[in-house]
Amino acid sequence: MTAVATTCGLCDLDCGSQTVSRVFEGRDMDFCCMGCANVYAILLESGVVASGQNIRESEIFRRSLELGLISRPSPLRVDKPALRPDAPTEEILYQVGGMWCSACGWLIEHALERMPGIVSAEVFFASDLAKVRYCPLYLPPDAIASRISQLGYKAAAYSGDDTAGKKETRDLVLRLGVAAFLWANIMAFSVILYVGYFEQIAPSASRFLPWVLFALATPMVFYCALPILRSAVIGLRNLQIRMEVLLSLGILTAYGLSISQTLQGRTHVYFDTAAAIVTLVLTGKLIERGAKDRATRSIAVLYRLMPKKARIADRNGERFVAIDALLPGTVFIVKAGERIPADGTLIEGETQADESLLTGESSPVHKRIGDTLVSGSLNAGGIVKIRALRTGQDSTLAHIIRLVEQALSSRAPIERTVDRISRIFVPVVVALALGIFLALISWHIPTNVALLRAVSILVIACPCALGLATPLAITAALGMAAQQGVLISNSRVLESMEKIDTIVLDKTGTVTDGAFSLLDFALTGPAQDHAETFLHQHLPILAGLESASEHVLGRAVLQFAREHGVAPADAAGIEIRKGEGVTAICSDRRAFVGNSSLASDQDAPPDPKLNTIALDWQKKRRTVVYYGWDRKTIGILAFGDHIKENATRTVDQLRRRGLSVRLVSGDSAATTSAVAAEIGIDNFKGEATPQDKVSLVQELQHSGHRVAVVGDGVNDAPALAQADLGIALGTGADIAMSAAPVVLVNGALNKIDDAFRLATRTRRIVKQNLFWAFFYNSVGLALGIAGVLNPIVAAAAMLLSSTSVVANSMRLSRPRNPRRTASQTNAAQPGPASTNL
């Protein structure tokens, strides 16, 4: 009779032969162990079972697992409960200490991903960061840090404070110092034994010196090499053969063989080999640590820019408040030499603002009343008063920090590929070393010689350089980009930029400054009293319409109204029609302001006279806006803008890179054509709505092109999201920046070419790193198998390979010599702008 397998009533695993039967509420139940039976009784008494909740998702069940109340001989495999579709998730960034190679990150990732409530986990060896998305309803963030600690690493929420990293560096320096001192002494005493191979030495020395070497080597192995041994044990405990396993096998084999020789009274000991491996490995790790610190220095600098307090004035004088307590609208004071604690508008005084650490531009920017100052910039002038606009986590500096953090906690596809190769490579090397050892023994080679050959293979094949080749270069590149005012929020961009062949530039605010002013207007009917009519009857309605608009033309209308002391009329039912304009009920009239398409939709076609004036303005690169009410176009407005400095030169640079450059705008075809001709672009599209821009990108993509879009406005966000690469200007709308993985902080177009150049350099250096890493490993492995290398030379070669990769990657942390450029600027002339009000 075939036995029927039973499953545990709690953990749902097969009970096997050790079934524990219990009766609960008149029902027979089977459990795989006594612990599961007891925990089920607790769940029953606490009402969890009666509630209908999945008992394996309950807090009692999870706590019982953590406390070990549920136990059985084989590891308990608990199915990870699926999250509810509407469950809220949060993302947290941890600083992880104690990682020695990329395999450490892989181990932490897989351990976290098995936890209930974890949506995703990514660990980044080059920046010592772990990015975890989790559901707070299922587990608290403390449980995540606790799980990482259980694996033998240190984890704390990332705050930009590198105290833990500095402590880790100090510990590494101490271990290396002790190792170097002991190795020097071990080598000195070993020389005497080496001499004894050729000349007679006193028998007492032959018996005594191996024990001296044993005494010196023991702290080397069990103190200096403790991080290596600990990482190897952690890996093996989690069924992972990693780089530290190779090193530990090499160190312990040389150390153990030497002890065996010493106990037998022989002088052929290899304590110096074990000591050399430890010292050289620690030296390499210290070099790596310094490189990682330099590569991530950019974000530490950004954190230091964030002031902790703000100075405000009240009746009792000046006082300081915590930066988190500063609210929008609060007036604060900044004195000369102080950092600006929040984004705000200058309301009193004039100054020079040093924004170099944010934008990469070294020249201070003159600020007058009404100008915007950015948090983190340095007040290089006098005392000023500023009204806060965006504070705390909403400030520009906080946004920049989040983007850099996001970039450091992302991983390029090539990095993932190399990690997979490393994980396969290490077990293969262990098997190869074991095979060579057994083969040599079968060929009657002395055991000590065979062991040293295997140790050489283990050490020379250690993929330290391979694990560093990609992440260190990418981290250094992201830091350099941030210093130059180019924020890259996803490291995949550095790889994908190589495939871009078409770039689409938005016009308004991207190619042009977007600093509009209302230059002229024209009305229907006789010319008499047009000025009075416009100012006192039309302008209040226009200002009311634009009061809810964020478009630059809307701001220009409001600014013109303020300058002439005109208050906006009350508006109701405001509808912002992207790419066209604004409609609303204003002064009891159904009014509109926008482009010609909107005028047609409102059944208010402009009369021929207005069309003639509009065409003349457009030929002069002015932007034309139509307005009216009650199904009639009443007048038109002309706005002026300036083409950005270096716009023509940027187009030339992009074209020299082999990119096809296009211009797109919601403005009229005539004004778009004029701007395109001015900057040397042949392909352009005017009167484009946001959907038209998306359609243009899709058409190019369907034709086989890889498209980048550069924009700054709300209307550009859909196209930025659709493109293969979105580049937003930091001077534009927040939604545009959130839709693009690349942000140019100060909006300078020449930064586009800088970003492409940096991506090219990064790819080249990554390829060089991978070549040299594979070259060292391949050649070293062949020489180790052939018996040409001894373990000490193998350890030195491993150090050389890591050092070469580090040095090559750090070239990205140094800015290249500035290019000598001719002064090629465009004359500042009034130009057209988008009518996407």
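If you wrap the Cα atoms of the stretch 594-634 in a convex hull and average its projected area over all directions, you get 2.5 nm².
What does the charge add up to near VAL675, with Lys and Arg as +1, Asp and Glu as -1, over the other residues with Cβ less than 13 Å from its Cβ?
Within the 13 Å Cβ shell, the charges total +2.
Full extension of the chain segment joining HIS564 with ALA188 gains 126.4 nm, where the gain is 0.36 nm per residue of separation less the Cα-Cα distance. What FRET efficiency, computed as 1/(1 + (r/R0)^6) with R0 = 35 Å and r the Cβ-Cβ distance, is obtained for GLN352 and ARG764, rounded to the nearest 0.05? Computed FRET efficiency for GLN352 and ARG764 comes out at 0.35. Among 245-255, 513-523, 779-789, the peptide with the highest mean count of other Cβ atoms within 10 Å heads the list, and the full ranking is 245-255, 513-523, 779-789. For the stretch 557-678, the equivalent ellipsoid derived from the alpha-carbon gyration tensor has semi-axes of 32, 16, 14 Å in decreasing order.
Principal axis extents of the C-alpha atoms in the stretch 414-554 (largest first, rounded to whole Å): 114, 26, 22. Evaluated over the stretch 534-644, the count of Lys pairs having alpha-carbon atoms less than 24 Å apart is 6 (only pairs 8 or more residues apart or interchain).
Note that the stretch 210-281 shows a convex hull volume over its alpha carbon atoms of 74 Å³ per residue. Taking packing as the residue-averaged number of other Cβ atoms within 10 angstrom, the listed peptides 677-683, 635-641 run from highest to lowest as 635-641, 677-683.
When all alpha carbon pairs of the stretch 487-552 are counted in 10 Å bins from zero, the resulting P(r) reads 14, 26, 23, 15, 12, 9, 1 %. Taking all protein chains into account, the per residue accessible area for the stretch 585-658 stands at 45 Å² (1.4 Å probe).
In the neighborhood of ALA313, defined by Cβ-to-Cβ distances under 10 Å, what is the net charge if each Lys or Arg adds +1 and each Asp or Glu adds -1? So the surrounding residues net to +2.
Dimensions of the stretch 494-634 along the principal axes, based on C-alpha atoms and rounded to the nearest Å, stand at 60, 32, 31, largest first. Ignoring lysines fewer than eight residues from LYS285 along the same chain, the ones with Cα atoms less than 29 angstrom from its Cα are LYS131, LYS154, LYS166, LYS167, LYS767.
Packing-based ranking of 479-489, 280-290 yields 479-489, 280-290, ordered from highest to lowest mean Cβ neighbour count within 10 Å.
Between ALA380 and ARG656, the modelled labels are 2.9 nm apart [label points 7 Å from Cα along Cα→Cβ]. Count the net charge of all other residues whose Cβ sits under 13 Å from the Cβ of LYS644, scoring Lys and Arg as +1 and Asp and Glu as -1. Result for the local shell: -3. Residue by residue, the stretch 636-647 carries 3J(HN,Hα) couplings of 9, 10, 10, 10, x, 8, 10, 6, 5, 4, 6, 4 Hz when phi is fed to the Karplus relation 6.51 cos²θ - 1.76 cosθ + 1.60 (θ = phi - 60°); x denotes Gly or Pro. The orientation-averaged shadow of the Cα convex hull for the stretch 735-813, equal to a quarter of the hull surface, comes to 7.1 nm².
The values are calculated or read from the model by the stated rules, or taken from the named source; none is laboratory data. Predicted model, so just to flag it, every value in this text is computed and none were measured. Because the Cβ atoms are built from the backbone with ideal geometry, glycine has one as well, and the counts that use them run over all protein chains shown. Areas reflect the complete protein model, heavy atoms only, side chains present, ligands, DNA and RNA absent. Shrake-Rupley method; radii C 1.70, N 1.55, O 1.52, S 1.80 Å.
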